Amino acid sequence: MSPIEPFRIAIAEEVLGDLAGRLERTRIPAPPILDGGESVKMIVDIEDLVDHWRDEYDWRAQERRLNEVPHYRTTIDDIGIHFIHVRGKGPNPLPLLLSNGWPSSFVEYLGVLGPLTDPAAYGGDPGDAFDVVIPAMPGYGFSDQCPDRHLDRAMIAGLFDRLMVDRLGYGQYVAHGDDIGGGVVNRLGIRHPGTVRAIQTANWLKPHDIADTDYLAAAGRWERERGAYAHVHATRPQILTYGLIDSPVGLAAWILEKFLTWSDPATRGKLSADDLLTNVMIYWATRTIGSSLRLYTVDSAPLGPDGVVSVPASILLTKEPEIPVPPESWLRQAYPRLTRIARVDEGGHFLALESPQVFAAEARTAFRPYRD
């Protein structure tokens, strides 16, 4: 069995020097096309963030901040997995796996580590403490890119289950995921009911037999008006990567647009420039933008009639703008042991980053019944 080894983030100075030069030579395009589907304010916000990246952002300070939490790497099935593991402070911490999606990273969850692992320090009940594990999917950040492996969400769920059980020694655990990470967590609930006690997901499954025409129409509108990125990821990932891996501003714009449109307008102002750019920096410094797109090319078809989550499940509905919400009857087909549908008062697609206190409260509520 591969050992667990401590890991520290240390980006080479030549990478930072090369980045600084590229940012100095940035060519900003002309003003956006009128009625082109892009908000002028969003474009201005991206350009302001790029200016901050070039003139004020301090990667070394962010690197020190990131290294304040314990990082590790291990190898499972010949794949190197990077993960954060923070032990809880309480009488019996519950193991909790957190899985982010695209274009996010473990940075999304840094603000909830304290409230989840040490609730008493934040005015909460120490009995609500979690041991938190945040693995990076293959192809993301400091995990292996695996260019020769055709990995899908189910395979990644298997890797994460082995990380929790075989490497970290947890007999059972709970898991939360959003975006593609929510898809991985769904597969944990389908394929690993012996070790996964319960899940919470902000990315619900499509049941085998869909009959709700109103929801399908709303989902179709979202795909037409907001889903162009996913179609490009799924059909031209390498062509797109040529531009994103070579241009830091191209990469930043592609990523930041999602944070500035998928977040709740009421909490968007809580997204700090340094957090947003540190997330971009992880993709830039590790050259993983191309490998991170791989999962858009697989798992697009609905699951079969047996593809249901057999463990207790909580569905988390955020305030992401214009996201269509399926009816409860539709969700219960895919989640026959659905325990709750929680609609938050604030916070969008990146809930843990936008509103850490809301995220922590929802995690505590969702998983409190599964504490021994």
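A short reminder: the numbers here are calculations on the coordinates, not readings from a lab. As the structure is a prediction and not an experimental result, all values here were calculated from the model. Ideal geometry is used to build each Cβ from the backbone, glycine not excepted, and the neighbour counts take in all protein chains shown.
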| task | List the relative contact order of region 172-299 as a percent without decimals, with contacts defined as Cα pairs under 8 Å and 6+ residues apart. | result | 22 percent
| request: Multiply the residue separation of LEU216 and ALA230 by 0.36 nm, subtract the distance between their alpha-carbon atoms, and state the gained length in nm to one decimal. | output: 3.3 nm
| task | Amide H neighbours of HIS71 under 5 Å, at least 5 residues apart or on other chains, H built in the peptide plane: list them. | result | PHE7
| field | Pairwise label distance in nanometres, ARG60 with ARG22, each label 7 Å out on the Cα-Cβ vector | value | 2.1 nm
| task | Name the lysines eligible as straight-distance cross-link partners of LYS89: C-alpha to C-alpha under 21 Å, and not fewer than 8 places from it in the same chain. | result | none
| note | Under a Gaussian network model of the chain whose springs join Cα atoms within less than 10 Å, the largest fluctuation of SER39, SER99, SER291 belongs to SER39
| note | The summed charge of the TRP262 Cβ neighbourhood (under 11 Å; Lys/Arg +1, Asp/Glu -1) stands at -3
| said: Between GLN357 and ASP51, what is the label-point separation in nm under the 7 Å Cα-to-beta-carbon projection? | reply: 3.2 nm
| In the chain, how does Rg compare with the Kirkwood Rh, expressed as the Rg/Rh ratio over alpha carbon atoms? | 0.94
| Rel. contact order, % - alpha carbon contacts under 8 angstrom, at least six apart, the chain | 19 percent
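Please give me the summed charge of the neighbours of LEU338: other residues whose Cβ is under 12 Å from its Cβ, Lys and Arg +1, Asp and Glu -1.
Once positives and negatives cancel, what remains is +2.
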| Separation between the MET42 and ILE245 pseudo-spin-labels, each 7 Å from Cα along Cα→Cβ, expressed in nm? | 2.7 nm
| remark: Any aspartates and glutamates whose Cα falls less than 16 Å from that of LYS41, other than same-chain ones fewer than 8 residues away, would be ASP51, GLU257, ASP264
